[in-house]
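Here is the structure we will look at.
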Amino acid sequence: MYIDFGKITSMHGIKGEVKVYPYTDNIEYILSLKKLYINLKEYKIDNIRFHKNMFIIKLNGINTIEDAEKFRDSIVQREIDNNEVLEEDTYYVKDLIGLKVFLENGEEFGTLIDVFQTGANDVYVIKDINDKEILIPAIKDVVKHIDIENHKMIIKLMEGLV
């Protein structure tokens with residue numbers, strides 16, 4: 001099974017390196033990778049570093065800017081390690097999508113349909129029961145409880161969010 005960890009935004013230099021915008025804050029883990037996947041094809045990593053909030057990656061066999069250009073806008077994936085333990089209050093986006101969202105009083109609010117990653121915190125996109133998309137910050141003041149097993153999230157709506 002694979003999980004997205006970034007998107008190739010541009011090339012870096014003329015020797016086939018690509019810049020990858022990260023979808024993760026687990027930078028050290030990504031820096032330890034020996035291979036990655038683009039369009040389900042495996043590529044060995046010759047070199048990877050983190051510079052100015054981007055991964056700079058040199059893939060084995062990709063040696064020119066022209067070779068690298070074909071990967072522009074591609075999603076970069078890694079294999080999920082079944083022994084990998086996530087930090088507390090950390091979730092895979094794939095596990096969050098589709099969660100039923102409830103208010104603290106038990107009232108059904110909607111369904112989590114997307115997650116945006118910003119500099120400060122993630123933003124959850126919730127389609128409410130009226131089919132309106134609501135953006136809420138993924139912060140402890142708003143997201144009170146996430147229960148992946150029971151497929152639900154409990155939130156506290158702060159003034160100005162809706």
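Values for this structure:
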| read-out | value |
| --- | --- |
| Under the Karplus curve 6.51 cos²θ - 1.76 cosθ + 1.60, θ = phi - 60°, whole-Hz ³J(HN,Hα) for region 60-69, x wherever Gly or Pro sits | 4, x, 9, 10, 10, 4, 5, 4, 6, 4 |
| GNM top mover of Ala120, Ala68, Ala138 - the chain, alpha-carbon springs below 10 Å | Ala120 |
| Mean Cα-pair separation over length for the chain, i.e. relative contact order, pairs under 8 Å, 6 or more apart, % | 18 |
| Magnitude of the charge dipole, region 1-95, Cβ model with Lys/Arg +1 and Asp/Glu -1, debye to 20 | 560 |
| In sequence order, calculated HN-Hα J values of region 27-38 (Karplus, 6.51, -1.76, 1.60; Hz; x Gly/Pro) | 4, 4, 5, 5, 5, 8, 5, 10, 8, 8, 10, 10 |
| Built amide H within the under 5 Å cut-off of Gly6, gap 5+ | Tyr23, Val76 |
| Peptides 90-97, 125-132 ordered by average Cβ neighbours within 10 Å, highest first | 90-97, 125-132 |
| 3J(HN,Hα) from dihedral phi, region 126-140, Karplus parametrisation 6.51/-1.76/1.60, rounded to Hz, x for glycine, proline | 10, 8, 6, 5, 9, 6, 9, 7, 10, 9, 10, x, 7, 10, 4 |
| Residue-averaged 222 nm ellipticity for the chain, from DSSP H runs of 4+ at -39500 (n - 2.57), nearest 500 | -1500 deg cm²/dmol |
| Distant-in-sequence amide H partners of Ala138 (H built 1.01 Å from N, under 5 Å) | Asp122, Val123, Tyr124 |
| Amide proton proximity set for Lys144, modelled H, under 5 Å, gap of 5+ | Ile154, Ile155, Lys156 |
| Region 109-155 shape via C-alpha gyration tensor axes, a/c threshold 1.5 | oblate |
| Sequence-distant lysines (8 or more away, or on other chains) whose Cα lies within less than 26 Å of Lys127 | Lys7, Lys94, Lys100, Lys140, Lys144, Lys152, Lys156 |
| Dipole moment magnitude, nearest 20 debye, the chain about Cα centre, only Lys, Arg, Asp, Glu C-beta charged | 780 |
| Contour minus Cα-Cα distance for Ile139 and Lys52 (0.36 nm per residue) | 28.8 nm |
| Estimated FRET transfer efficiency (Glu107, Ser32; beta-carbon r; R0 45 Å; 0.05) | 0.55 |
| Ranked by how many other beta carbons lie within 10 Å on average, peptides 24-37, 52-65 from highest | 52-65, 24-37 |
| Among His12, Ile97, Tyr29 - extreme Cα towards positive end, dipole of the chain, charges at beta-carbon | His12 |
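Quick note: the coordinates plus some simple rules give every number you see, no bench work behind them. These figures come from a predicted structure and were not determined experimentally. Note that we place each Cβ from the backbone using ideal geometry, even for glycine, and neighbour counts take in every protein chain shown.
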